[in-house]
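Colleague: Just passing along the structure, written as structure tokens.
The values are calculated or read from the model by the stated rules, or taken from the named source; none is laboratory data. Every value quoted in this text rests on a predicted model; they were computed, and no experiment measured them. Methodologically, a virtual Cβ is constructed for each residue, glycine included, from the backbone with ideal geometry; neighbour enumeration extends over all protein chains shown.
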Ligand SMILES: C[S@@+](CC[C@H](N)C(=O)[O-])C[C@H]1O[C@@H](n2cnc3c(N)ncnc32)[C@H](O)[C@@H]1O
């Protein structure tokens, strides 16, 4: 079988199973061949080596495994990150969390921040790259996620500025280590049905939070209030009302919600310094 034939056959196999079958067939084939997708044409007439191995990848994708877990790569904020099962795949909307945190860090000249729920490390690595003097303590309860974050920190040579800790929330994080809390915590209401690509493959401790999904968000705001520091958090598009009620119940007025490009509520910046 030639490379061109394999592309056609995999395209047919992915039709109906994924949204963009041609693109994904090309990504999988390029991954299998170890070349750039734009250079596939150059190999068109060559015999495909290890065709069985390639179609095993196609089969995994047909079974809804995220393509990022298959290729072990994900793009975030213009860079390529390592990703693997065990860490949430960073989402494009989380780039807004980075932007909001970055603008606060810049305005206040912050030097030491903490990320709760580091996952793959995409947020902390991106912030550390944007601010060469910034130091970050990044926590997570998942050993698998921390191993993936450690790999990204190694690849971007940031081990001297990002410290990973396997703790819950801010356990053991000293006051002077957290001038700002950044977090994209689990916020999907427990029991919500998710599409198979997400629900069957991504770690549930990265997705779900008890009740209406705001439990961790609320806990993080409480911690920010106790410490008198600002917090920037991502949240679900439908969580503005419960979070507003929570802020009101704690007497917190200095909050701004931010939206994504589709106009959906996506997160908030809260400053508890003056409450
Ligand atoms: C939605 S993922 C975010 C990952 C990454 N920061 C991102 O934005 O792509 C949430 C992360 O929080 C972690 N997590 C869940 N509960 C936690 C807790 N109590 N303390 C610290 N991290 C927690 C999960 O293991 C997961 O890695």
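Colleague: Identify, from the list 242, 230, 196, the residue that is away from the ligand (no atom under 14 Å from the Cβ), more than 16 Å from the chain's Cα centre (by Cα) and closer than 28 Å to residue 72 by Cβ.
Modeller: Numbers: 242 fails: closer than 28 Å to residue 72 by Cβ; 230 fails: closer than 28 Å to residue 72 by Cβ.
Criteria check complete, one pass: 196.
Colleague: Looking for something within 8 Å of the ligand (Cβ to nearest atom), crowded, with 23+ Cβ neighbours inside 10 Å and free of Cβ contacts under 8 Å to residues at least 60 places away in the same chain - is there at least one such residue anywhere in the stretch 124-136?
Modeller: Checking the stretch 124-136: at least one residue is within 8 Å of the ligand (Cβ to nearest atom), crowded, with 23+ Cβ neighbours inside 10 Å and free of Cβ contacts under 8 Å to residues at least 60 places away in the same chain.
Colleague: Being surrounded by fewer than 19 Cβ atoms within 10 Å (Cβ to Cβ) and touching a strand residue (DSSP E or B) at 6+ places or on another chain (Cβ under 7 Å) is true for just one of 45, 49. Which residue is that?
Modeller: 45 is the lone residue from the list that is surrounded by fewer than 19 Cβ atoms within 10 Å (Cβ to Cβ) and touching a strand residue (DSSP E or B) at 6+ places or on another chain (Cβ under 7 Å).
Colleague: If you don't mind, another one. Can you find a residue in the stretch 247-267 that is touching a residue at least 40 places away in the same chain (Cβ under 8 Å) and surrounded by 19 or more Cβ atoms within 10 Å (Cβ to Cβ)?
Modeller: yes
Colleague: If you don't mind, there's one more thing I want to ask. Applying the selection to the stretch 94-114, what residues are part of a loop (DSSP other than H, G, I, E, B) and buried (at least 17 other Cβ atoms within 10 Å of the Cβ)?
Modeller: Selection gives 110 alone.
Colleague: While we're on this one: Is it the case, given these coordinates, that residue 87 is touching a residue at least 40 places away in the same chain (Cβ under 8 Å), in contact with a helix residue (DSSP H, G or I) (Cβ under 8 Å, 6 or more places away or on another chain), buried (at least 17 other Cβ atoms within 10 Å of the Cβ) and assigned to a helix (DSSP H, G or I)?
Modeller: Judged against the criteria, residue 87 is not a match.
Colleague: Additional query: Which residue is nearest to the ligand (Cβ to nearest atom), if the candidates are limited to the stretch 157-188 and must be more than 12 Å from residue 115 (Cα to Cα) and in contact (Cβ under 8 Å) with a residue 40 or more places away in the chain?
Modeller: Per the criteria, the residue is 186.
Colleague: Does residue 190 satisfy being at pLDDT 95 or above and at negative phi? Explain how you work it out, then say what you get.
Modeller: Details: at pLDDT 95 or above: no; at negative phi: yes.
For residue 190, the condition - at pLDDT 95 or above and at negative phi - is not met.
Colleague: Mind checking which pairs have a first residue in the stretch 46-70 that is at positive phi and a second that is in a helix (DSSP H, G or I) and surrounded by 15 or more Cβ atoms within 10 Å (Cβ to Cβ), Cβ under 7 Å, 6 or more apart or different chains?
Modeller: Qualifying pairs under 7 Å: 64/197.
Colleague: Next up: What pairs come out if I take residues in the stretch 98-121 that are free of Cβ contacts under 8 Å to residues at least 40 places away in the same chain and pair them with residues that are near the ligand (Cβ under 9 Å from one of its atoms) whose C-beta lies under 7 Å away, six or more apart or interchain?
Modeller: Every condition considered, the pairs that remain are 98/123.
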